[in-house]
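The values are calculated or read from the model by the stated rules, or taken from the named source; none is laboratory data. All of these numbers come straight from a predicted model, not from anything done at the bench. Cβ coordinates were reconstructed from backbone atoms using ideal geometry, including for glycine residues, and neighbour counts include every protein chain displayed.
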Amino acid sequence: MQRHVSLYGLTFSLPLLIWQLLFFVFPLAFLVALSFWTVKNFAMRPDFDTVNWVTMFSRPVFWQAYGTTFALAGGAALLTSVLAFPCSYAIAFKLSDTARRWAVFLMVIPFFTSYLVRVYSWQIFLSDNGIFNVMLGWIGLGPFGMLNTVGATMVGYLTLSFPLVVLLQLFSLVFIDRTLIEAAHNMRCGRLRTVFEVVIPSARVGLTIAALFCFILTFGDFVSPVYLGGGDPTTLSILITDTTKSGQQWPRAAVIALTMIATLLVVAFLAVRFAYKGRSK
């Protein structure tokens, strides 16, 4: 069938096209070009040289930061998804419509405040003289070193992505056909088995997309690894900052950024392919 492009459709799609060109395509093209520039005497020169790519890919610190970033983001996506599922399941199946609206409203409230402010507040809780250690001291425990650890970084990642993951999972769970669950119960299927064999497969798309969004947000996050993790271990976002401070090496920082973008595109493609695998067209 031939499709006719109308002026009406072009009029409403043009702003989106302009937005994508100005704020995604053009900056990305400039980033690619910048990665081939060279820096001499703290000044960038628009050359075409692959020295930045060779230099960064040959450094062990780059691959260490890459592995750390991927592991932390993957762990955060898995942990957040596991912790968020009971919450989203309870909201979808155990609450009334009115209570469900209030629960969604409460999940949206954290986005009213700055993520950076929330991370700073966690420093008050996790520091050596913070609220958690003071409470543990009342029962004769601690103090424990909670701040500047990988665990503290994970707390920041959960702060960033947990409400969003719950909402995305919830939107998928509420549209599950309830007759499938009733049929499973009629066939003497227990609640836990019903969850794993009926609910989770039926909501696979939403659960996968929620985990993907968590991975994307945490993979490029700079705030939690620095202010809660203390910058150790080094992530790619921290490495970008260190690279720009070291001799104004913006082209090498562009290499790191493009590597991150390529990784996210590959992960997103694989996640979406897994989510829709076996579904009818």
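Some points to look at:
- Screening the candidates T149, T80, T113 for the property of being among the β-branched types (V, I, T), modelled with pLDDT under 95 and surrounded by 11 or more Cβ atoms within 10 Å (Cβ to Cβ) yields one hit, T149.
- The one condition in (1) in contact (Cβ under 8 Å) with a residue 40 or more places away in the chain; (2) over 23 Å from F222 (Cα atoms) that V155 fails to fulfil: (2)
- Conditions (1) under 24 Å from P201 (Cβ atoms); (2) touching a helix residue (DSSP H, G or I) at 6+ places or on another chain (Cβ under 7 Å); number of the one not met by M56: (1)
- Looking across segment 27-42 at every residue that is modelled with pLDDT of 80 or more, more than 15 Å from A257 (Cα to Cα) and of a type outside the set (S, T, Y), the one that is farthest from the chain's Cα centre (by Cα) is identified as K40.
- In segment 51-65 there is at least one residue that is without any contact (Cβ under 8 Å) to a residue 40 or more places away in the chain, among the hydrophobic types (A, V, I, L, M, F, W, C) and more than 27 Å from S224 (Cα to Cα).
- Any hit, segment 165-188, residues being touching a Gly at 6+ places or on another chain (Cβ under 7 Å) and hydroxyl-bearing (S, T, Y): yes
- Residue match in segment 223-241 (condition: aliphatic (A, V, I, L, M), outside any loop (DSSP other than H, G, I, E, B) and under 18 Å from C87 (Cβ atoms)): no
- Top-ranked residue in segment 116-128 [being surrounded by 14 or more Cβ atoms within 10 Å (Cβ to Cβ) and hydrophobic (A, V, I, L, M, F, W, C); ranked as nearest to F171 (Cα to Cα)]: V119
- Of all the numbered requirements in (1) among the acidic types (D, E); (2) touching a Ser or Thr at 6+ places or on another chain (Cβ under 9 Å); (3) more than 30 Å from A29 (Cβ to Cβ), D221 misses one, and that requirement is (3).
- Residues within segment 95-118 that are out of contact with any Phe, Trp or Tyr (no Cβ under 9 Å at 6 or more places or on another chain), of a type in the set (A, V, I, L, M) and not in a helix (DSSP H, G or I), tallied: 0
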